[in-house]
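Heads up, the thing below is written out as structure tokens.
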Amino acid sequence: MDLETFKQTAIEAARKSADILRSRFGQISRIRKKAAAEIVTEADTESEKAIVSTIQDRFPSHAILGEEYGLISGTSEYKWIVDPLDGTVNFAHQIPIFSISIALAVRDTVVLGIILDPVNDELYAAVSGQGAERNGKPIRVSSTRTIADSLLVTGFPYDVQDIFESVMVRYASCLKATQGMRRLGSAALDLCYVACGRFEGFWEQRLKPWDSAAGALMVAEAGGRVTTFADLPYTVEQPEILATNGLIHNVMLRLLEL
């Protein structure tokens, strides 16, 4: 398995997507609602089209799961998992916090993750067993050992009203225990920031595979720990994720108990 070739293809696709997003930022003419609070713009669809085209040109037998176009079936064991614009609400409101996330799974195990922040030109990459990097330099999770000294980040699903009580109980527990809380609006970037030590931990409920596939690998390869709230091994099919520097993980598990 030539992961370097796959990595370079993912980076090329992310760069093409970034050009589209930068050109569209502040220039959105159409915003469509997919659900009550979930929106999609032409930037989302144009970005995903560019990513899919790049992958299919190189690997026509690979399956691709994208947020906007759904599953494109393939005939091989490889499946790409794509979020062409993670942080659409921020993007639509001209808030410059959003990203592109591309992961590659082999027999449902994620082996490659690429996340690009087009605004700050930060390219995060993780390859299974080879570590994680930002702009070509290795990154590691933070060495903070106490929850009181930790800065955490979380997000809320579009259907937060359906699980409002559990979300707020967990949020309050963590807010009381930590140095501070942030809510950026891009789960992929949240996970990258845990991986590079800017945050000590991230948790969220009801993420989709394209939200977390690349980022979860990023944290793991940077020396962190990624599980469910019940401390089970995390996979992209899980409805909840806890990612930390590992040192505060057990405390976070207790804080997230209901």
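Mind checking whether some residue in segment 42-60 is outside any helix (DSSP H, G or I), open to solvent by less than 10 Å² (accessible area, probe 1.4 Å) and of a type in the set (Asp, Glu)? Walk me through how you get there before you give the answer.
Here is the first cut: in segment 42-60, the ones outside any helix (DSSP H, G or I) are 59-60.
Those still in the list that are open to solvent by less than 10 Å² (accessible area, probe 1.4 Å) too: none.
No, there is no match, as no residue in segment 42-60 is outside any helix (DSSP H, G or I), open to solvent by less than 10 Å² (accessible area, probe 1.4 Å) and of a type in the set (Asp, Glu).
For the list (1) small (Gly, Ala, Ser); (2) in a helix (DSSP H, G or I); (3) at pLDDT 95 or above, I need the number of the one condition that Ser166 fails.
(3)
Of the conditions (1) closer than 25 Å to Glu4 by Cβ; (2) in contact with a strand residue (DSSP E or B) (Cβ under 6 Å, 6 or more places away or on another chain), Arg140 clears all except one; give me its number.
So Arg140 meets the others, but not (2).
Considering only segment 186-239, state which residues are touching a Leu at 6+ places or on another chain (Cβ under 8 Å), among the polar types (S, T, N, Q) and not in a loop (DSSP other than H, G, I, E, B).
Ser212, Thr227
Could you tell me whether Val127 is under 16 Å from the mean Cα position of the chain (by Cα) and either at pLDDT below 95 or more than 14 Å from Thr244 (Cα to Cα) (or both)?
Values: under 16 Å from the mean Cα position of the chain (by Cα): yes; either at pLDDT below 95 or more than 14 Å from Thr244 (Cα to Cα) (or both): yes.
For Val127, the condition - under 16 Å from the mean Cα position of the chain (by Cα) and either at pLDDT below 95 or more than 14 Å from Thr244 (Cα to Cα) (or both) - is met.
One residue is enough: does segment 70-78 have a residue meeting the conditions buried (at least 19 other Cβ atoms within 10 Å of the Cβ), of a type in the set (A, V, I, L, M) and within 19 Å of the chain's Cα centre (by Cα)? Working first, answer last.
Of all residues in segment 70-78, those buried (at least 19 other Cβ atoms within 10 Å of the Cβ) come to 78.
Narrowing further to those that are of a type in the set (A, V, I, L, M): none.
The answer is no; no qualifying residue exists.
How do the pairs read when you match residues in segment 1-21 that are touching a residue at least 40 places away in the same chain (Cβ under 8 Å) with residues anywhere that are open to solvent by 60 Å² or more (accessible area, probe 1.4 Å), using Cβ under 7 Å and keeping only pairs 6 or more apart or on different chains?
Here the result reads Thr9/Arg58, each pair linking segment 1-21 to a residue that is open to solvent by 60 Å² or more (accessible area, probe 1.4 Å).
Filter segment 239-255 for residues that are β-branched (Val, Ile, Thr) and within 16 Å of Thr144 (Cβ to Cβ); which is surrounded by the most Cβ atoms within 10 Å (Cβ to Cβ)? Talk me through it step by step, then tell me what you get.
As a first pass, look at segment 239-255 and keep what is β-branched (Val, Ile, Thr): 241, 244, 248, 251.
Narrowing further to those that are within 16 Å of Thr144 (Cβ to Cβ): 244, 248, 251.
Values: Thr244: 28, Ile248: 24, Val251: 19.
The extreme case among them is Thr244.
The values are calculated or read from the model by the stated rules, or taken from the named source; none is laboratory data. What you see is a predicted model; the values in this text were computed from it and never measured. When we count neighbours, we look across all protein chains shown, and the Cβ atoms used for this are built from the backbone with ideal geometry, even at glycine. These area figures cover heavy atoms from the full protein model, side chains too; ligands, DNA and RNA do not enter into them. Shrake-Rupley method; radii C 1.70, N 1.55, O 1.52, S 1.80 Å.
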